[in-house]
Amino acid sequence: MPNKMPAEIREILLNDATFHGVTIDNLTLVNFFYGNNGSGKSTIGRAINGGSAIKSKITYDRDKTAANYRTLVYNQDYIAKLINNAGDIPGVFTFHTAEDERIETQISEIMPMRMEYANKVNATRDLLADYEKKAAGRVSSYREIFWQTTDKVRQRFSSFVSGLLRGKDAFMDTILKTPPEESDLDELEQLCASAFDSNAKTYELINKMTIPGSIKDVESSELLKQKIASRSETPFAEYMRAIQATSWVQEGHKHFHKNDGKCPYCQQELPADFEEQLAACFDNQYQEDVATLQRMAESYYSYARKVSDFFSYVFESRNPAFLAESLVSYQSAIVNTIEINLTMIQQKIKDPATIVELKEYDSLVDSLNHEIDRYNEQTKKNNEIIANRRQGRKECERKIWSHLSYMVRDSVEQFKNESIQHESEIKSIKEEGNEAYKNGKALQEQIDALRSQTGNTIDAMKSINTILDDSGFQGFRLEENPAVKNHYHIVRPGQDADSPATNLSEGERNFIAFLYFYHEVKGSNTKTNEIPEKIVVIDDPVSSMDSQVLFVVCALVRELIEICLNNSRALTEITRDDYIKQIFLLTHNTYYHRQLSHDYVANYEAVSFYRIYKEDNNSDVEVCTQWHPLRPSELMNRNPVEDAYAALWREYQEVKTCTALMSVIRRILEYYFLQISCYNGLDLRKKILEDNRHKFVKPDGSFNEKSHRLARTMLAYIYADSIGFNDGMDYVHEGFDPDKMRDIFKLVFDIMEQPQHYKMMIENTSVR
């Protein structure tokens, strides 16, 4: 986004008249103020002019003060002081001397070298312009790369960060100054959801899963890996070992030891000492090993219950958004493994002679705990964000921008390298141009020193008199005051040079005063012809002036504005003036404001607009800006005065029907040629329809009656009221060709020798 270019006065604090602690900032080179009479405009001019009675405060740039400038203020105070001074106006410029010819010869000898430097400066400026054009193309290309590469992610996070989908320029600026940092987008999205969801809540952390030492002892027990059998030496024990039926017999005896002396399987009579023989088969070690297996089974079963409870706790009470899907698979794998191990232990108990080896699941637990660590980390961030939502949202925004920057990190690096190279080349070119400018300026100072020995008061007086003549003021002129050298005053034609004019009208007084002010701004009232740096204030110069004089004043003011705007150019010509460091323009006249300001609305960096208003006898100032319609992240100037004339031209380009178009054409012709240009309606009609009848021709060169009649209708319309027509012959039906109507409308401006005005209004009001 472009920034306002600071000027000499950075800030005005108003505490005079109806202003009470009002601060005006955003001040730049050219400042337009619009406000109704009585709103407080003159107070601003007086504050800038200063004085012991002024309570307002002016803040200058770079620790400067009013003493560093010559402040010139045109207002009613200036007019009263100037015109009421016995008609005597001090000379603005000094006289030429007899040394003029010699001095001009010296100047002519220096001038070619100065012009050589000036040409070099101009060539440098052109080269810089070419470089800037290439740079703009490069910026545009990379801007599009950044925008397209990040499109999906910007879309995904647009609800959390404003501006991700609107301005490419602002997006690029942010990307270039944001350090790249990759983020897990799923995790980031969850954090953003927490930060921006007012209903989000905190969660407890999950303890890691552990395998108790007792369980590890069970799983590593050597008892499970060896056969458990009786070591008895009885014949029956040896027989059971031989047929590997020790476990089978023991298990069967548990269920069928009440046998009434018969074998439970074959029903034959058993020996009387069978119980004693059977008990002898199972020695103490065997019994102890089996008891150990039973205890191991009970411990493992209790552990399996705890593992099941652990997973229930995880999935039922934790934040499901942060739980990875892999936790489900870990749960299944671990639980299944434990259940398998438990089954094998139980199998070992049933058949102690069986060798079993339990499944290992330590790696599954390690992986599970890794996921738990990740969950806890996310949960901590979530809890921190909720505890401090404002800071959390900033952190989320930072992470989003950092990830976007990471996505285009290679392109950013390439762009920055190219920019460094570009800036290096620009620096070299500027150094050459500045050197030429410095040398040219030194020669110009020599020329100025020579010209300081001459005077041009007579030339200034002639210039003012020329403007008076051209403006229709033939009743008075400026003449030298014979009583005071280097002074002149206002006299009527035919009067003595020492007799000042009297009974000037208010418009005449204001015009003369402004002309003097204009030359005072452009010149010097010192003998050395030194032109100090100036701050200019012009407060309502067009009061009581007719339209013709108003145009002259507008032209002169625009000249002063251009001098001031030369300070905004990166590299200026040696011959270009830039001594007006800041200008303030205040008015209540809407027409003057529009005529003066419309060319400068687009210059946001160097021009500012303000509206002065009063409510309940308290004055205030509003800076007039608005968001750019094509670049929503960028501010632009807003003219506080609606230009009805410009609105007509916009409407002219937009209307589709013939009737509506003819109505707009009538109002434009009426306003511009009758009100502004002061044509008589009959004269206008004669010049177009009679004197230039030959310009209404067909492609073959023959007279175009239809086009001529349409022009007659347009001109007849300017006499019609807004709701009717002057006669039926001039009625325009909807079947007429609107494009043809626009062609004839343009032809009217060509005939009246106003094609530039037509072109300007079309270009300035076209819909872009």
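The values are calculated or read from the model by the stated rules, or taken from the named source; none is laboratory data. Because the structure is predicted, anything quoted here is derived from the model rather than measured. FYI the Cβ positions are ideal-geometry reconstructions off the backbone, even for glycines, and counts take in every protein chain you see.
Out of the helices (runs of 4 or more DSSP H) lying entirely within segment 100-205, which hold 3 or more residues that are in contact with a Cys (Cβ under 8 Å, 6 or more places away or on another chain) and surrounded by 14 or more Cβ atoms within 10 Å (Cβ to Cβ)?
Answer list for segment 100-205: 185-196.
Looking at the structure I just gave you, is A98 over 31 Å from the mean Cα position of the chain (by Cα), at pLDDT below 80 and under 20 Å from V537 (Cα atoms)? So A98 fails the test.
So that you can scan it fast, the table gives a plain yes or no per residue for (1) under 28 Å from the mean Cα position of the chain (by Cα); (2) modelled with pLDDT of 85 or more:
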{"site": "R409", "(1), (2)": "yes, yes"}
{"site": "K416", "(1), (2)": "yes, yes"}
{"site": "K427", "(1), (2)": "yes, yes"}
{"site": "G440", "(1), (2)": "no, yes"}
{"site": "T457", "(1), (2)": "no, no"}
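Of the set (1) among the β-branched types (V, I, T); (2) closer than 30 Å to L191 by Cα; (3) at pLDDT 85 or above, all apply to I386 but (3). Among the residues making up segment 395-416, those that are hydrophobic (A, V, I, L, M, F, W, C) and part of a helix (DSSP H, G or I) are C396, I400, W401, L404, M407, V412, F415. The set of residues in segment 54-64 being over 11 Å from I9 (Cβ atoms) and of a type in the set (V, I, T) consists of I54 alone. Just checking, does segment 745-766 include any residue being charged (D, E, K, R), at pLDDT 85 or above and not in a helix (DSSP H, G or I)? Looking for residues that are charged (D, E, K, R), at pLDDT 85 or above and not in a helix (DSSP H, G or I), one finds at least one in segment 745-766, hence yes. Being aliphatic (A, V, I, L, M) and in a helix (DSSP H, G or I) is the filter here, so list the residues in segment 352-370 that pass it. Correct list: L364, V365, L368.
Take the conditions free of Cβ contacts under 8 Å to residues at least 60 places away in the same chain, in the same structural domain as I12 (by TED's automatic domain parsing) and within 19 Å of G38 (Cα to Cα) and apply them to D620. Does it pass?
So D620 fails the test.
Do we find a residue being crowded, with 17+ Cβ neighbours inside 10 Å, assigned by TED's automatic domain parsing to the domain that holds P738 and in contact (Cβ under 8 Å) with a residue 12 or more places away in the chain anywhere in segment 695-707? Looking through segment 695-707, at least one residue is crowded, with 17+ Cβ neighbours inside 10 Å, assigned by TED's automatic domain parsing to the domain that holds P738 and in contact (Cβ under 8 Å) with a residue 12 or more places away in the chain.
Evaluate segment 503-516: report whether one residue or more is more than 23 Å from D77 (Cβ to Cβ), at pLDDT below 75 and out of contact with any strand residue (DSSP E or B) (no Cβ under 7 Å at 6 or more places or on another chain). Don't jump to the end; show me each part of the working.
Residues of segment 503-516 more than 23 Å from D77 (Cβ to Cβ): none.
The answer is no, given that none of the residues of segment 503-516 is more than 23 Å from D77 (Cβ to Cβ), at pLDDT below 75 and out of contact with any strand residue (DSSP E or B) (no Cβ under 7 Å at 6 or more places or on another chain).
For segment 392-428, the candidate set comprises residues that are surrounded by fewer than 14 Cβ atoms within 10 Å (Cβ to Cβ) and not charged (D, E, K, R); within that set, the residue that is farthest from T124 (Cα to Cα) is Q414.
V328: within 52 Å of the chain's Cα centre (by Cα), part of a helix (DSSP H, G or I) and either modelled with pLDDT under 80 or buried (at least 16 other Cβ atoms within 10 Å of the Cβ) (or both), yes or no?
Yes; evaluated as a whole, the condition is true for this residue.
Is there a residue being out of contact with any Asp or Glu (no Cβ under 9 Å at 6 or more places or on another chain), acidic (D, E) and farther than 29 Å from E533 by Cβ anywhere in segment 608-615? Checking segment 608-615: at least one residue is out of contact with any Asp or Glu (no Cβ under 9 Å at 6 or more places or on another chain), acidic (D, E) and farther than 29 Å from E533 by Cβ.
When we screen Y34, Y60 for residues that are closer than 12 Å to V621 by Cβ and under 30 Å from the mean Cα position of the chain (by Cα), the only hit is Y34. At least 1 residues being over 16 Å from M752 (Cβ atoms), touching a His at 6+ places or on another chain (Cβ under 8 Å) and at pLDDT below 80 is the threshold, and among the helices (runs of 4 or more DSSP H) wholly inside segment 641-723 those reaching it are 644-654.
Can Q653 be described as polar (S, T, N, Q), within 20 Å of E763 (Cα to Cα) and outside the structural domain of I538 (by TED's automatic domain parsing)?
Taking the combined requirement at face value, the residue satisfies it.
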